[in-house]
Each structure stands twice: as structure tokens, then as C-alpha cells.
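Inspection log for the structure reproduced underneath, given as C-alpha cells.
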Amino acid sequence: MRSDTGKLSLILLMAPFALWIVLLIALPQFGIGYVSLREKVGPGEYELGFANYTAFLGEPIYWNTLLRTAWMSILVTFLALVVGFPVAYYIAKIARKRARAGLFLLCLIPLWVSDLVRAFGWIVLLRETGIVSSSLQWMGVISGPVELLYNDITVIIGLVYTVVLFMIVPLVSTLDGMDDAMLEAGYNLGGSRFTVFRRIIVPYAMPGLVAGCIITFMLTAGSYLTPILLGGKNSSWFTEQIYNQFITRYNWEAGATFGVLLLAFTSLVVWVGLRLTGQSLATTVAKE
Amino acid sequence: MYDLRCESVIKRFGNFTAVNGVSFGVPAGSFFSILGPSGCGKTTLMRMIAGFEHPDAGDILLKENSVLNLAPNKRNVKMVFQHLALFPMMNVGENIAYGLRCRGDAKAGIGEKVRAVLDRVGLPGVEDKQISQLSGGQKQRIAIARCMVLEPDVLLLDEPLGALDLKLREHMKIELKQLQHQFETTFLYITHDQSEALVMSDNVAVMNAGRFEQIGPPRELYDNPVSGFVAGFVGDTNRWEGRIDRLVDGTARVALNGGGSVLAKTGANSLREASAVEVFVRPEAVAIGRGNDGATLSGRVDSLLFNGANSRILVRTETGKLVEVADTSGATGFNEGDPIDIHWHADRALCFARDAA
Amino acid sequence: MKRANRSPFLNAVYATYIVIFFLYLIAPLLAAGVFAFNDSLFPSLPWQGFTLDWFFNDTEPKLGMFHDERLLRGLGNSLYIGVIVSALSVAAGTCNAFLFVRRDFPFKNALYVLMVVPLVIPGVILGISILVFASMIANGIDQGLGINLTWLRPGIPLIVLGQFSFLTTITSLVIAARLEKFDMALEEAALNLGANRLRVLTTITLPFLVPALFSAFVVAFLVSFENFNTTLMLVGSDAPLTITMYDRMVKVGSTPVLNAVSVFLMLGSGLLALLSVIVQRDRT
């Protein structure tokens, strides 16, 4: 009787989890996988095959967009790490106790502000009639208004801005747990600043670093608003292609194919990242 | 009449037998302790009595009624947990009233009962305090009050003094004993600290590796242990390994490993000549000076361990063994390195078969 | 101590870098916020004087956000979606937390990874996959039974499902982290004092979890409120605020009323986040 009620309650507890994962995560992924293999041969008539994928490969605009999204995402992840690590280290190890909490909270505030508001802020700052352009004119640096939007550098600045917090937060949490005595021991044993950084700080921060990179990369590759609003019509971001196929052209087969490709690509990068660093999804991302 | 009885209780976890055929009875109104090293199965036994584990065999009876098929919340045994498990989200009064509310007592009576039990544990008027505002000893008393307000048949206490510092622990030992007298409830106390068990209990069961080695009043365990484990675990003792040379009328001459020989009474077990044994001698059984032939050892004072009434002299014998000798006055005038003779009556030394381990 | 290892010059450089970084962090928010109060038809310099028209004015061309029908409807939809999806995901997250913290079952580790996976699926993909799957079911039912299930077509129910699919991971992790800190002896003590399982749950375990439930709810609500990628794919005629804002931005171009909405959103989410921090700090 004891084990029966135990089993029953386990099944009851398991039910929401199973429904959620099966109905909202697993089956929908199979769904787009299936649709991506469907080829329209006539009105209401379909055949299974890889035609959508060959169509993708045959159209340089498509795969160029994917490659561009890919390398820019990797670049943004790298930049976010370079920009964010010193800040995380400062918050976790150098700032005084009281300042630490304040700075950390300051870091979190933009996290809670919508992407849209942040992108809008950049638009107000950078467009032709924006603050930066007007200020530069007023200072006499430039003679006429200058358009700072709609170029790759702006897109990258905006993307780094959007995701850097997701790099800093996990880094701060792991660095926070590091005992200062470890650093002192490192210096004490004659390590230079660089060796201490490479041999002690980086390995210790690895779980947070990997988690930050995974989330950052994922958010960048999957981002929509920032590249489109800051990059304009020719931002050529892959999620935009997906949206166009699905909503504008109502070509679900092609859209699903693009979706599968994007998912496969991001999963591959996440998997390689985890492999190279010897971490697992449960130990990194789950810790936030 | 027994308030609590266990009959051949067995509990296995996989291949490991945590409790192996334990039987005992706790007379009504007495203070009963289960004493054993950590991992001996005493906590598992207590959890079975409280109903958190189910025995694989045997029976547990409360007031002579089997409780095996009663859920933990239906058994009239209450438990004081190792870390007390006071509810941090409630104040003192709510903690104590919790059981009464669960029982469905009338609202009007609850306040009165809470007040009364707080009086009895000597903490009147603390109902509105938060748990975090209490000291360690006060928390202890609240945890007991929370159980006692329900008038249980048996109160289980799972090493509740473990988390306290030494001074408070000494004090709480006496206080627990007084509380037990005052409530006249049966206490079942679990501990690995032999002094707690000896000081407070009417009866003590010594538990080892899932079995009870001996049950008896503290003095009996101390003076007449039935096994080497009990002799070594209860109270301070000297212990040497050796082999029986000669056996006459229950008194053995034991040749100690490493040289020398001593006389010792054999326990009630079947020892023969040439059996490997352990000899136990309590420090206070060792007297300074020469005694009867054959029981005297000579040596030098190795060090003096002053501890008030518990002071010791460590003697290094000629054969190199260290012997702890009680020095109750702490003023025998010996210095380190002085030659010294020690002896004891053969009756005060006990030998038991050495464990296979 | 570490400070002693650095030269004053490097220290200054480091501190300057941190200051610049935080300026970078705040600049766009400030820019978005300030022009909500500029008495001009465009969110740009020069400064024309302070006004609250972009919040409260009730006539064109300077229609304030609190009189803008479509923005208000968007806000209402966002609140509606946010509350429902947060409640659902907190409930599911609580179940998951109990499942993974308290129970043992086969393939637990693999299933735990599955639980985390939605965090690493791009939001756009979650959106389209749920759109496709729901449409497949709806089409199947439509053809097979002749019943048209409108809630499986783009609209608020699908948005709720789409956001629920990844918010549940977040709430599960937040609640599980707290549940792991729970001392099992408290439950046993309550049982021992005569409480039944349900009573133990409602008087001991859930009160312990309340701060985590609250902050999980707040986090879920904020993330739902600001979500764009997943929602974009599932939106029907009842658009939430972010979508309405985006439409306005793309079709009308930037107008100060969007700055006003931005200020409103920043204040709202700031307050909620602060509240959750305070609750966490109080109870732990």
C-alpha cells in the first residue's frame, strides 16, 4: 500500500513535467522537423524529401545569412566576455562590500528592461537626428548630421549591450565563491599576475564562464529586435529570414527548414562548447 | 507495564542490516537510553518507533498495542529532533500550539495549555518570541514543551544535546532529567555520548552494529559489562591485548602482547587457555603502591593530566605500556619521570575474547 | 590586499573602465527615458522644455500613452498574459521542483537536462515550433471532426503556451534552489506532532517556499512582459504591449509616446524587481 501511494504521487508529480516537455518542447520540435521535410508538389499535396534543404543550399542569400549570423554571434559572445569579465571581476573581488551589491543591482536593471526599450534607446542616441549626432555637430566635430545606425558596428555594439549582462551575472556568482586566499597563495608562491589569472582565476570561473557564453551565444543567435532595429533593412539576420518565410510569405516549409537549421547550429555550438570545457548543461546553465 | 516494547525488530537498507533483531522494553515513566557509536543503527531504530521507517520484521508496541500499521502522525510518540526542527516561520506559541491544532483541540483551551507547558519548562511568557530570539538552551526546552503539551506515551530524544556547547550540555543533562521527573513521562534517549546516558538514565542499552550488546542500569554496565565492546565504550578504561596463559576459577593470567602479564577476571563467556583476549582496567581501579604478588607493575610517570576531580597520571610501565591511573586528589606529589609502582585487585580487571576484527 | 599588487595607474585605468562600462549600460536607457518629457514631436534634441503631455495629454498630435487606445489595449493584454502565464509556470515549476528535489526515478539526470533545455532553444524557434504543432493539431481536428479550435490559432492562448514553455524552466530552477535548502526534519517534526500530509504541505513546506514562489512569479511576469521573440510568432489580433510598440516603431517611426511607454516599463519592472529582492532578503 505504501509503495502504491508513492507511485501514484510520483505519477501525479510527473504529469505536469511530462505534459510540458512532450507537448510544448519535444513534439513541436518534431513538428517543425517534419514540416521541414515536406515538399509542396501541388495545392494540398505534399511529398517527403530534402527539397527544402537543397533549396536552402542552392540560394546563397540564405546560407550567407546563416553564416553571417553565426560568425557575428561568435564575435559578440567573445566581445561580451572580454568586456564583461573585468566588470564581473571588479564586482566580485575588488569593489568594497557595500558598493558590490549596488553595482550588481545596477547590472541587473537593464536585464529587466525590455529588449525593445533598449534598442529604442540606441535608436534615439544614434540616428541621424539623434543625441550623438546633434552633440557632435554642436561641438563642431562634424559639419552635418551623420547616420550612425544601420551598419554592422552599431549592430554589434547593440548586441553586446543586450547580452553582456547574461555574461556578467553568472561570472559574478562563480567569482564570488572564490576564496581570496587562493589568489594570495598564488601570488605568494611567486605567480605573476598573468599566471595567477590563467592558472587560478580562469579555471575557477570556468563553469560561470561557460554558462555565460552559452546563454550569450544563444540569445545573440536567436535575437531579432536588435539586429533589425539597429541594422535596418539589410541587417540580414537569420531569425528575420525565419520570420519572413513564416509570416510574410507564409511558406512554412522553408521557415521550418530555417528553424531546424538555426536550432541545429546553436545546439552544435553549445555542445562543442560544453565538450571543450568538460562541463555539462546541468552544472552550468541550471545554476544561473 | 511497558510503555514501549520492541520485539526482534529488523531493518535492512539493501544489503546493509541497520537494525538486527533488537528487542527491549521501556517501563512506564522511566528514562531509557540507547547508547552507541554513530552508524550503529540507533537513529534508524528511533525513526522506526516514530514511524518514519518501516521495519522489515518484528513488532513495535506502544502501551502493548502494535503501532506498525499506524502512520507517523497517528502515533502517540513525540520526538525531539537532533537539530530540534522548531518551525522558523512560527513564533514560540504557534510552535507549541501546532500539535494541539492538528489534533483539533478547541481554540479556547489551546492558549491555556501553551501557557501551562511553558510554565512547566520554566519559560513563562515567551509565546510571542520568534525562534531566532531564543538561546540554545531555551530552544531545547521549547522543543520539549512542543512535544509534552500533547502528553505523549513516550518522548523520543535524538541526540538533542549534540549541537550545544560543552558547558550548556552539562547543564542540560541535569535539566532534562528533572524535566523527565516532573512530567513523569517515559523518555527514550539516543546518544553516542556515554556520560549523557550514564548520568540521566534509569536503564541504558548499548548498541553496536545493529544489535543490543547489553541492557541494564548504568552502574551495572559500568561495573559488569558483558562484552569487550561495552567495557570499552562505557566509561574510561585501560585496554591491553594479550593471550590467556593460565585459567583458574574464572581468574586468568593474561600474557600481554609486548611483554608482562596481569591477572584478570574472565567475563561470563567461554574463554579457554590460549584464547586471544582484551583486558580492561578502569583508571580508578588502579592504585598507587605495591600490592599482592603478580598484580604489581613498575614504571615511571610519563605525564600528569590535571583535570580537577578527573585528574590522571599516565604511567609508562617497564614493558612500555601506557596506563591511565586516576588521581582523584590531583595532589599525589609525583613529578614527570618519577619511578612509580601501581597495582589493582584481580577482580577489578576484566578480560573478554578479542573481536575477530 | 590585492590592491597592493597594482600600481595606482593601473587602478585608475581599471576604475575608469568600470565607469565607462556603466555609462554604456545606462546611456540608452537614459536616452529613451529623457525624451518622454521633452515638449517636442520628435524624440530628439533640441530640448523644448519639460512636459508630461506624452503621458497624460488626450488630443492628437501629442496623444499621451494613457489616452492611446491601442497602447492601453496592448498593456492590458500584456498584464493579462503575464499574470496567467506566471501563475501557470509557478504552479508547474513547483511540481517540477518537488519532482527533482524530493523524488528518485529512472533517468532522473537525463530528464533534468531536458528540463533545462528550453533555456538554450532560441525563442524564435520555440515560437514557430509551437505555432506549427498547434496548427497541425488544429488542422487535423478541423478536417477529421469538423471542429475549428480557434485557441490553437495564433492569439493569446498560444502566446501563453509559448511563454510557458520556457518560463517553466526558470521558475523550476528558482523554486528547486530554495526547496533544496529545506530541512526535512521540519516535515518529520510536523508529522510527528500529528499533522497529515496536506497540513504539513500547507503549514510548513509551502510557507518556507513563499519567498521563492514570489520571486519566481515576479521573474516570470517580467520576462513574459518583455518577451518579444516567442510572442512575435504566436501573436494574433490581441497584441501585447511589446508587439504594439514594435508595430508603432516600424510603421509610424519613433515618437515620444514610445519614450513615455519606455519610462513606464522601466519604472514598473524596476519596482517589481526591487520588491522581489526585498522579499528574498527579508525571509532568508
Span-rule helices in chain A, defined as complete DSSP H runs reaching 15 Å or more along the axis (Cα) with Kyte mean at least 1.0
A:60-89, A:115-126, A:152-176, A:202-221, A:252-277
Exposed chymotrypsin sites (Phe, Trp or Tyr not before Pro) being those in a DSSP loop with at most 13 other Cβ atoms within 10 Å, the longest stretch of chain C free of them is C:108-284
Kindly state, to the nearest 0.05, the FRET efficiency for A:LEU108 paired with A:ASN188, given R0 = 35 Å and r defined as their beta-carbon distance.
0.50
For chain B, set up a Gaussian network in which alpha carbons nearer than 10 Å are linked by springs, and say which option among B:GLU112, B:GLU184, B:GLU127 fluctuates the most.
B:GLU112
Tally up the carbon and sulfur contribution to the accessible surface of the range A:119-170 as a whole percent, 1.4 Å probe, everything protein left in place.
69
Tell me the total accessible area that C and A bury against each other, 1.4 angstrom probe, in square angstrom rounded to 100.
7700
Taking only Cα atoms, what is the 0 to 90° angle, nearest 10, from helix B:107-120's long axis to the longest principal axis of chain B?
30
Set the Förster radius R0 to 41 Å, insert the Cβ-Cβ distance between B:SER38 and B:GLU273 as r into 1/(1 + (r/R0)^6), and round the FRET efficiency to 0.05.
0.65
So which GluC sites (Glu not before Pro) in the range A:147-242 pass both tests, a DSSP loop state and at most 15 other Cβ atoms within 10 Å of the Cβ?
A:GLU147
Each label sits 7 Å from Cα toward the beta-carbon; between B:LYS113 and C:PHE22 the label points are separated, in nm, by 5.7
Can you give me the distance in nm between label points at A:GLU45 and C:SER7, each placed 7 Å from the Cα along the Cα-to-Cβ direction?
7.9
If exposed means trypsin sites (Lys or Arg not before Pro) lying in a DSSP loop and surrounded by at most 13 other beta carbons within 10 Å, then the longest stretch of chain B lacking such sites spans residues B:1-271
Round to a whole number: what % of the accessible area of the range B:133-287 belongs to carbon and sulfur, probe 1.4 Å?
46
List the aspartates and glutamates whose Cα lies under 12 Å from the Cα of B:LYS321, skipping any in the same chain that are fewer than 8 positions away.
B:GLU241, B:ASP302
Taking the Cα centre of the range B:236-356 as the origin and placing charges on Cβ (Lys, Arg +1; Asp, Glu -1), which of B:LEU297, B:ALA287, B:LEU271 is farthest toward the positive end of the dipole?
B:LEU271
How far is the Cα center of the range B:32-49 from the Cα center of the range A:250-278, in Å?
56
Hull-based mean projected area of the range B:2-228, where the convex hull spans the alpha carbons, in square nanometres
12.7
Only sites in a loop by DSSP and with at most 10 other Cβ atoms within 10 Å count here; which chymotrypsin sites (Phe, Trp or Tyr not before Pro) in the range A:183-220 make the cut?
none
How much length is gained on full extension from B:SER303 to B:LEU61, taking 0.36 nm per residue of separation minus their Cα-Cα distance?
81.9 nm
Compute, for chain C, the length of the dipole vector about the Cα centre, with Cβ point charges of +1 (Lys, Arg) and -1 (Asp, Glu) only. Units Debye, rounded to 20.
900
For the protein assembly as shown, what is the convex hull volume of the alpha-carbon atoms per residue, in Å³?
265
Cubic angstrom per residue, convex hull over Cα atoms of chain A:
225
What pairs in B:LYS78/B:LYS167; C:LYS108/C:LYS181; B:LYS74/B:LYS173; B:LYS177/C:LYS181; B:LYS74/B:LYS177 have C-alpha atoms more than 23 Å from each other?
B:LYS78/B:LYS167; B:LYS74/B:LYS173; B:LYS177/C:LYS181; B:LYS74/B:LYS177
How big, in percent, is the set of alpha carbon pairs in the range C:156-260 lying more than 21 Å apart?
55
Nearest-0.05 FRET efficiency for A:ARG275 and C:GLU180, computed from C-beta distance (R0 30 Å)
0.60
Treating only Lys and Arg (+1) and Asp and Glu (-1) as charged, each at its beta carbon, one finds that the protein assembly as shown has a dipole about its Cα centre, in Debye to the nearest 20, of 700
Rounding to the nearest 20 debye, state how big the charge dipole of the range B:156-263 is about its Cα centre with +1 on each Lys and Arg Cβ and -1 on each Asp and Glu Cβ.
380
Exposed trypsin sites (Lys or Arg not before Pro) absent - longest run of chain A, DSSP non-H/G/I/E/B, at most 16 other C-beta within 10 Å:
A:97-248
Please compute the Kirkwood hydrodynamic radius of chain C from all pairs of different C-alpha atoms, in Å with one decimal.
22.4
Using only the alpha-carbon atoms, how far is helix B:136-148 inclined from the longest principal axis of chain B? Give it as 0 to 90 degrees, nearest 10.
60
To the nearest µm²/s, what D does Stokes-Einstein give for the range B:236-356 at 10 °C and 1.306 mPa s, using the Kirkwood radius over alpha carbon pairs as Rh?
109
Using the Cα centre of the range C:145-232 as origin and beta-carbon charges of +1 (Lys, Arg) and -1 (Asp, Glu), tell me which of C:PRO157, C:THR202, C:ALA216 is placed farthest towards the positive end of the dipole.
C:PRO157
Of the residues A:ILE201, A:ILE168, A:PRO145, the Cα lying farthest along the dipole of chain A towards its positive end, which is defined by charges on the beta carbon of Lys, Arg, Asp and Glu, belongs to A:ILE201
Heavy-atom accessible surface buried between B and C, both sides counted, 1.4 angstrom probe, nearest 100 Å², is 1700
Of the chymotrypsin sites (Phe, Trp or Tyr not before Pro) in the range A:237-278, those whose Cβ has at most 12 other Cβ within 10 Å and which sit in DSSP loop:
A:TYR250
For the pair C:LEU79/B:SER132, report the inter-label distance in nm, with labels modelled 7 Å from Cα in the Cβ direction.
3.5
Find, to one decimal place in angstroms, the Kirkwood hydrodynamic radius of the range A:163-274, where the mean of 1/r is taken over every pair of different Cα atoms and then inverted.
16.8
How many angstrom separate the Cα center of the range B:99-141 from the Cα center of the range A:23-49?
66
Which percent, to the nearest 5, of DSSP beta bridges fully inside the protein assembly as shown are antiparallel?
75
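The values are calculated or read from the model by the stated rules, or taken from the named source; none is laboratory data. Everything quoted here is computed from the prediction, not taken from an experiment. Cβ sites come from the backbone with ideal geometry, for glycine too, and all protein chains shown count toward neighbours. For accessibility, only protein heavy atoms count, side chains too; no ligands or nucleic acids. Shrake-Rupley method; radii C 1.70, N 1.55, O 1.52, S 1.80 Å.
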